[in-house]
Structure formats: C-alpha cells, structure tokens
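Enquirer: Quick one: structure below, then a few questions.
All of the numbers you see were taken from the coordinates with simple rules; none came from a lab. From a predicted model like this one, the values you see are computed outputs, not experimental measurements. Neighbour counts are summed over all protein chains in view; Cβ atoms, including those assigned to glycine, are modelled from backbone coordinates with ideal geometry.
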Amino acid sequence: MARDPRHDLLFEPIQLGPKVMPNRFWQTPHSIQAGSDYPGFQAGYRGMAAEGGWGAVFVESTAISVDADPLTVVRLWDAGDVRNLALTTQSIHAHGALAGVELQYGGAPINSGESRVPYLGPSQMVTDANYLSAVAEMDLEDIVLVQQLYVSAALRARDAGFDLITIFAGAAISVIAKFLIPRYNHRSDQYAGSFENRARFARETVEAVRRAVGGDCAVGMRFQLDTLPTPYGFGEDGISAAGDGHRFLTFMDDLVDYWDLNVGTLSGEGEDIAPSRTHPENHQAPYVSHAKRITTKPVVNVGRFTNPDTMASILTSGQCDIIGAARPSIADPFLPAKIRDGRLDEIRECMGCNYCISKFEFGSRVACTQNATTGEEFRRGWHPERFTQAVNSDNSVLVVGAGPAGMECAIVLGKRGMADVHLVDAGKEIGGSVRWISQLPGLNEWRRLIEYRSIQLDKLPNVETILGRRMSPTDVLEYGASIVVVATGSEWAADGRSGAHMDAVPGADARLDHVATPEQVMVEDKALGHAVTVFDSEGYYMGYSLAERIARRGHDVTLVTSHSILSPYSRLSAESARVNREIRGLGINVVIDHSLTSIEPTSITVQDVWTDKMSQIRTDSTVLVTQRYSTDSLYREVKSRPGSLVQAGITGLYRIGDCFAPSFLAEAIYSGHRLAREIDSPDPSRPLPYIRERRLLDAAEDDYRLGSLTLGPVH
Ligand code: SF4
C-alpha cells in the first residue's frame, strides 16, 4: 500500500549541525538496563530501531564519569566503554540512522551506584528522591572539573561513533538543571541568583563540549522546559515554560544544534512518562508548543505518539520538527517503516501501560506488553517482523483460548507457516480478560492489545478464529489437531487466598451475595450494596480501578490493602502520584497495612499488620482482589489421558500464559510468543537457552552466539 501523502513530511531529511537526519523519527534516550556492559543486548536493541526506520537512535542516559554512577545508565568512562558502545553505533549506522548519546552528570538526587564516589552538586542537599545522601557542594575548582568531565566524555562519545551528543538538562537528575532551578541552587557566587548566573554552568559546559566536538558531531540539549505546577511538579520552586524555560532556550540557542524538549520533574510524579490511564497522546503540547517561536533550531517533542496523523499535524502546525518517542518505539520498532510504506494497520501501538518503565524501575531488562520481542533481539535472535518457517509446519495446531497468550501464539504460529491453526474461544469476541480490563477507568487504550492482534489474525490465511465454542477434553481429543496449546487464562480467587493469606479467609465465598470477585463485578455485573469494601492484596491496578469504578457509580467505597501504600506497583509504573491523589479525591476511604481476617454479611474484620489489632468495617459488599489461579482443568484433564493423546495423534500438548502461571499481560503475551517461536524445538515446553553476556574466562567471540556450547549442559 502506498504512503498517505499527508505523511510525506515525516520523511523529509533535516540538518542538525554537521549531520543530516534522514527523517523525522527520533528514538529518545531510554533505559533498557543494558548499559555499556552488555554490548550485544544494547546493539541488538538499538540496531532494530534503526532497521525499523528511526532516523536517530539514542542509547540511554549516559554517565560521563566514575562520580556520575547511578547504575542504570550507560557508562562512558573509559576506552572499554568506547569499544563496547562502538558496536551499537555500528549497528545503528548499518541502517542509515544517526547514533545519539545523552551525557549526564547526576548531581542530586541519585546515589552513586557501583563506584561509591559521591556526587558533586551546586549545593549540599538531600532531595525528595534521595533523602539519605547529600551531594558534595562544588567549589569553583570542582565546577571546572565537572565541565572537563563533560568534554572528555564527549570526545569518547565521538570516538565511539556517536553523531548526536545531547547534554542532558533534566530536572531532577542533571547537575545542569540543578544549577538552573532555584529549588536546588542555594549558592551565593556567580553561579547563583540571577537567571544568567544560574544558567552560567550550562552555557560554559555546552560551550566547552562544542569546542571539543562541534565540528564532528551535532551538539544539542534535552531540556525539561517546564517543571509543572503543583501537585505534580515543582510549582513556584521550579521553572515554567513561559518564564525561565523560554529564557533558557534564548540564552543557549546559539550553542546548540537541536533541542529535545519535555516536561516534568523525573522525581516520581511520572508526568514526563505519563500512562494512557491519565494522559492522552501529545499531552505535553500545552507546555512545549510555543518553543519554536523562541528557538531557531530544530525541536524534538515527545508525547507517546503512535498516530501518524497526529505526528504530521504537529509538524505542520509548527509545534516541533521531529517526532521523539521511547515507548512507541519499544512497542513497535518498525513504526516509521510502517508509516513510510503505508502499512498503518500493522502498527503495534503502545498502549501506555508503563510495564516497560516498571521493569526499568525494578532493575530488570526492558520488556513490553505489546512487543514480546523487545529485548530479545540479540540474546534470543528474535526479529519483530521476521519469522522462519517451522520445521514441523505440516502440523495443524489447536489453540484453546483467545486471550492475550492465545492470540499471540496463534499469530506467531501462523507467521511461522503452520499448516492450519485454529484459535478457539468460548466467548463471542477475542481478547480474554482484556475485554473487561479495558473497561476499567482510564484503561480504554489497553484495547490496543486486542485490536492489533485482531487485524493480524484476520490477515493470516492459515489461522482461523472460531468463537462461541467451549471445548471439553473430548472435543480437544477429537478435534484432529496434532499440536494442542491451552491458553484458558486465570480467575481471581473467590475465597480470599493470597500471598498475605495462604488459606481461605473465613466468610470469603464469592458464591454469596455479599462477596464478589473482579470478574463478577465487571463481567457479571453482580449487584453490590451501597457500602462496598474492596480488599486489595495484589497491589497493582485492579484494586484501585475497581474502587474507582464502583465509587463513580455512587457507592460508598473503602479500599483496604495489606500493603503499606496504596498500589505499591504503581510506583514502578509511574502512576502512584495520580492514583493516590485521585482515589482519595473521589472520597474513597483508604486503609493501609491491614489484612482481611473474616467477612460477615454486614461487615468485615481486618487486622493491623504491625500491631495485630483487630477492627471491623461496616460494609454491604466485599470485593476480593487477592490473587489469581490458572484456569487449567482442561489442560490437566487432557494431559491425564496419555493413551487418548497418542490415539488422537496429538504429539504436543502445551499450556501458556495465565493458564500456566498468572502474571502480567506482558508475560502472557511473551509466553504465547515464545512457545510459537520454539514450536519446532526439541521440547517446546522448555525455553531454548539464550545468550548471556557474562564475563567468561578464556572466552572467544563464539561464546556469545546463539548455539554456543557454553549455553548447553555440562553433561
Ligand atoms: Fe507501551 Fe506498555 Fe509497551 Fe511500555 S510496555 S512500550 S507502555 S505497550
């Protein structure tokens, strides 16, 4: 299909100092937890984005020296880092993209990680994000030292092959912003006080970097233009776009080749990495859209852009020149190529769930709900758009259950050329639990998980979707498929069992009128009394989402959780600040640190987890958000008939997703994808070994390739 002419301007080259970017797609710096220590992982991930058409591809924020070591970033400290990162710049250049690096020196609020060298900052202070360790206050010699560290790192970046060198001026983790923002700058010398004084450190630093590498590389800044009003930003303590934000653009404009702009504080409020639950596409526009009136240099904007019409319109309107994106590039590294080729129905749109961010906050490698291949480019050799014909492709496959795992598995099996794939579900629609989860407040965009897969399933001639058919074990055995995959999902516990309560809670029985599970509330619309208590020991979105939904329908809601804060996982997904404020703003009574000990028809008994003190909460209905159990009876019954399996010609029986172990949606999708990718392996129920980039004694390059003997068993 031909490209829509309205999108042509997205593919116009643009000059950035001495470099030409081939189009307007800019993968912004974002952590994948690969750093410079895992060069294959880093190069594989970034190279895939370049192959997918991103015209500029950045590695994550990069620590410039040993005293800027927050552990989770690329390090560019020495010749070894240069050597490792050169693999990444080569992999980016191989596809015609520019390679970018974002240099940062943290200042407060980040602890030194591995190096244990204290940070230097404009003023000695602790911050909201690091209230334990203060930075050392720079004297004038230290200022010269840190500026020289920037220069040395920029030279190393150039030597590693980077084309674009961004000096990071993010609000809470950049020493440059710390000097600029009065909240952090309590000095009394020529680097404090007036705007020009507070911006002096930035100007001297960028001038020095430019002198060193400006002829070879484009030098730009990533700047948090507005630190936002309270309660989600610094308010009067910070900077506003209309004030110091625009003044900074003017003050620095002659020194930079581009501006990469965003907003927020990067200190836990999550406004810069906002989820779809609370923020639409292009949500930063109110703050960044006037910047181009100030600067003469190309401007990058971010805003979880996935819609090419939106992208084209903000370029046309003059909001920015370049579309920046992290999450949309994670969900679909081939987003630009698909727009370029007019394959819009193949775009795997980011759904704004922020699972990727939670993985980073957890210290784990990158992963994505929508894209199972993210992070597996090098270590498993998975390509998001390429699939090999399965060795056993003459087999027919029955996939039972069209939830996330089943849909993904059927698609990948179809793309691997299996003769006949039947995806069978008892429901009237595909999507499994996501059908009702996406009806929870703010989760409408999560339907993208279904919509993308629905289109792909329709396109595959060897995959048939059969709805409204509930399969019995006999049906499965008589179906005629030679491979059976069971993806029948999970159900919430109806008896209150959880990590906090290994046994059923007395009185917790969702067969009773006054007790309900999430499915009963959302799918069966079970009647609830006026006073409703939601007990949440899961700690992610289900408890507060149900509480919000029920409260918005006029009920008095109490939300009891065994955790010490409401929804602790939301801290990792950058949703906690809004969730906590919004739930309380709705008048929901939040009770933390209490476990559920019994349910009676008109009350529940809860126990303080620290004092053991019991108390009662009057309630008409109790909703249990505790844990989920696999719906695996079909799998177990079929498996218990080995003779019948042989007789039916079934050579493989597998379970995937929640049917195997209830987990995140991302893990269900991954489980289905993994099985289909390895359906022709010796034992598809067990994952094939993947490349581990550990240090190996007496290593050869072959030790870091798939199939290496070092990945196999000793005996
Ligand atoms: Fe988007 Fe969610 Fe994937 Fe992150 S994990 S890129 S938010 S779909």
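Enquirer: log₁₀ I(q)/I(0) of region 294-380 at q = 0.15, 0.18, 0.25 Å⁻¹, via Debye over equal Cα point scatterers, no solvent, to two decimals?
Expert: -0.63, -0.84, -1.22
Enquirer: Of all the C-alpha pairs in region 258-343, what % are more than 23 Å from each other? Mind showing how you got there, number by number?
Expert: Values: 806 of 3655 pairs.
Within region 258-343, distances greater than 23 Å cover 22 percent of Cα pairs.
Enquirer: Let me ask you something else. Going by amide H atoms built from the backbone, whose H comes under 5 Å of the H on Arg655, apart from near neighbours?
Expert: Answer set, sorted by chain and number: Val486.
Enquirer: May I pose another question? About its Cα centre, how strong a charge dipole does the chain have in debye, to the nearest 20, once Lys and Arg get +1 and Asp and Glu get -1 at the Cβ? Spell out each step's value before the answer.
Expert: On the way: 69 positive and 89 negative charges, 141 e Å.
Dipole size: approximately 680 debye.
Enquirer: Please report the antiparallel percentage of the DSSP beta bridges confined to region 495-629, to the nearest 5. Intermediate values should be presented prior to the final figure.
Expert: Details: 11 of 27 bridges.
Taking every DSSP beta bridge within region 495-629, about 40 percent pair in antiparallel fashion.
Enquirer: Once phi is turned into ³J(HN,Hα) by the Karplus curve 6.51 cos²θ - 1.76 cosθ + 1.60 with θ = phi - 60°, what whole-Hz value does each residue of region 174-187 show in order, with x for glycine and proline?
Expert: Working through the residues one at a time gives 9, 5, 5, 5, 5, 5, 6, 8, x, 3, 9, 9, 10, 6 Hz.
Enquirer: Mind checking the full-extension length gain between Ile455 and Arg386? Use 0.36 nm per residue of separation minus the Cα-Cα distance, one decimal, nm. Before the final figure, lay out each step's value.
Expert: Numbers: separation 69, 0.36 × 69 = 24.84 nm, distance 1.74 nm.
Fully extending the segment from Ile455 to Arg386 adds 23.1 nm.
Enquirer: Let me ask something else. Shape of region 495-629 from its Cα gyration tensor (a ≥ b ≥ c, root eigenvalues): rounded if a/c is under 1.5, otherwise prolate when a/b > b/c, or oblate? Write out the running numbers ahead of the final one.
Expert: Details: a/c = 1.38, a/b = 1.11, b/c = 1.24.
Verdict is rounded for region 495-629.
Enquirer: Residue by residue, what Karplus-based ³J(HN,Hα) values in Hz, rounded to whole numbers, does region 521-534 have, using 6.51, -1.76 and 1.60 with θ = phi - 60° and x for Gly and Pro?
Expert: 5, 8, 9, 8, 6, 4, 5, 10, x, 5, 8, 10, 10, 9
Enquirer: Would you mind pulling out the separation of the Cα centroids of region 17-46 and region 163-195, in Å?
Expert: 25
Enquirer: If we count every other residue with Cβ under 15 angstrom of Thr316's Cβ, Lys/Arg +1 and Asp/Glu -1, where does the sum land? Please list the in-between numbers first.
Expert: Details: positive: Arg6, Arg24, Lys292; negative: Asp4, Asp8, Glu12, Asp309, Asp321.
In short, -2.
Enquirer: Still on this structure, I have one more. Taking every eigenvalue of the Cα gyration tensor of region 197-332, multiplying by 5 and rooting it, what semi-axes result, largest first, whole Å? Don't skip to the answer; put the middle values down first.
Expert: Numbers: eigenvalues 119, 74, 37 Å².
Here the semi-axes work out to 24, 19, 14 Å.
Enquirer: Another one. Quick one: which of 672-678, 583-589, 100-106 comes out on top by average Cβ neighbours within 10 Å, and what's the full order, highest first? Before the final figure, lay out the partial values.
Expert: On the way: 672-678: 25.0, 583-589: 14.7, 100-106: 29.0.
Packing order, densest peptide first, comes out as 100-106, 672-678, 583-589.
Enquirer: Let me ask you something else. What are the ³J(HN,Hα) values, in whole Hz, obtained from phi via the Karplus relation 6.51 cos²θ - 1.76 cosθ + 1.60 with θ = phi - 60°, for each residue of region 247-258 in sequence order, with x given for Gly and Pro?
Expert: Calculated HN-Hα couplings, in order: 5, 5, 4, 5, 5, 9, 4, 6, 9, 10, 9, 6 Hz.
Enquirer: I've got another one for you. Would you be so kind as to identify all helices of the chain, as entire DSSP H runs, whose Cα atoms reach 27 Å or more along the helix's own axis and whose mean Kyte-Doolittle hydropathy is at least -0.5?
Expert: Values: long enough: 140-160 (30 Å, 0.52).
Membrane-span-like by this rule: 140-160.
Enquirer: By average Cβ neighbour count within 10 Å, what is the ranking of 532-540, 403-411, 188-196, 232-240 from highest down? Before the final figure, lay out the partial values.
Expert: Working: 532-540: 24.9, 403-411: 30.2, 188-196: 13.1, 232-240: 19.0.
Listed from highest to lowest mean packing, they are 403-411, 532-540, 232-240, 188-196.
Enquirer: Provide the net charge surrounding Ala331, with neighbours chosen by a C-beta distance below 11 Å and charges set as Lys +1, Arg +1, Asp -1, Glu -1. Spell out each step's value before the answer.
Expert: Values: positive: Arg304, Arg327, Arg348, Arg448; negative: Asp332, Glu349.
Surrounding charge for Ala331 is +2.
Enquirer: Tell me, Lys613, Lys19 in order of fewest to most beta-carbon neighbours within 10 Å?
Expert: Details: Lys613 10, Lys19 17.
Placing the least packed residue first, the sequence is Lys613, Lys19.
Enquirer: Using only alpha-carbon positions, what ratio does the radius of gyration of region 176-225 give when scaled by 2.2 N^0.38 Å? If you can, show how the numbers build up before the last one.
Expert: Working: Rg = 12.3 Å, N = 50, 2.2 N^0.38 = 9.7 Å.
It is 1.26.
Enquirer: Kindly provide the pair-distance distribution of the chain built from C-alpha pairs, with 20 Å bins from 0 and whole-percent values in order of increasing distance.
Expert: 17, 46, 32, 5, 0
Enquirer: Quick one: which of 115-121, 313-319 comes out on top by average Cβ neighbours within 10 Å, and what's the full order, highest first?
Expert: Numbers: 115-121: 18.0, 313-319: 15.1.
Top to bottom by mean Cβ count within 10 Å: 115-121, 313-319.
Enquirer: Sort Leu449, Leu145 so that the residue with the fewest other Cβ atoms within 10 Å of its own Cβ comes first and the one with the most comes last.
Expert: Values: Leu449 28, Leu145 14.
Placing the least packed residue first, the sequence is Leu145, Leu449.
Enquirer: Sticking with this structure for a sec: I need two numbers for region 5-361: Rg to one decimal and Dmax as a whole number, Cα atoms only, in Å.
Expert: Taking only Cα atoms of region 5-361, I get Rg and Dmax of 18.7, 58 Å.
Enquirer: Right, another one. List, largest first, the extents of the alpha carbons of region 465-534 along their principal axes, each in whole Å.
Expert: Per principal axis, max minus min of the Cα coordinates gives 51, 28, 17 Å.
Enquirer: For Lys178, list the lysines whose Cα falls under 29 Å from its own Cα; do not include residues on the same chain fewer than 8 positions away.
Expert: Hits, sequence-local ones excluded: Lys292, Lys297, Lys359.
Enquirer: Please report the antiparallel percentage of DSSP beta bridges with both residues in the chain, rounded to the nearest 5. List each step's numbers first, then the result.
Expert: Numbers: 18 of 86 bridges.
Counting only bridges with both partners in the chain, antiparallel ones make up about 20 percent.
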